[in-house]
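Dropping a structure here in structure tokens format, bear with me for questions.
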Amino acid sequence: MIKKKATNLVRVTYIVLDEADRMLSLGFEQQIRSIVNQTRGDRQTLLFTATMRKQMQFLVNDIISTPVRINIGEEGAANEDVKQEVVIV
């Protein structure tokens with residue numbers, strides 16, 4: 001949609017990237033950077049990942065000006081204490 005000029009991201013003030021490590025492992029770094037670069041510089045950016053690999057750290061440093069990092073468990077590894085529960089309603 002952006003490449004076809006059907007829309008633009010000039011007014012975007014808030015970006016959330018969930019499972020960003022998975023997007024990177026699937027080869028979407030160029031697309032992530034393209035989207036982020038087309039938004040306002042004063043945007044809020046939230047990035048969620050279970051593990052923070054070196055490639056992810058480079059992306060974070062490029063797209064977030066003053067990152068706040070919250071680690072739960074051991075750094076570089078997914079937390080083993082996470083309990084996932086499926087509730088069907």
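Read the figures in this text as sums done on the coordinates, not as results from a lab. A quick note: this is a predicted structure, and the numbers were derived from the prediction, not measured. A quick note on method: Cβ atoms are made from the backbone with ideal geometry, for glycine too, and the neighbour counts reach across all protein chains shown.
Would you mind finding the one in A50, A20 that is within 10 Å of the chain's Cα centre (by Cα), farther than 24 Å from K5 by Cβ and small (G, A, S)? Lay out the reasoning, then the answer.
On the way: A50 fails: within 10 Å of the chain's Cα centre (by Cα).
Selected residue: A20, the only one of A50, A20 that is within 10 Å of the chain's Cα centre (by Cα), farther than 24 Å from K5 by Cβ and small (G, A, S).
Could you count how many residues in region 19-39 are under 20 Å from K54 (Cβ atoms) and either assigned to a loop (DSSP other than H, G, I, E, B) or among the charged types (D, E, K, R) (or both)?
Selection size over region 19-39: 8.
Kindly provide the set of residues from region 2-37 that are at positive phi and either surrounded by fewer than 13 Cβ atoms within 10 Å (Cβ to Cβ) or small (G, A, S) (or both), ordered by number.
K5, G27
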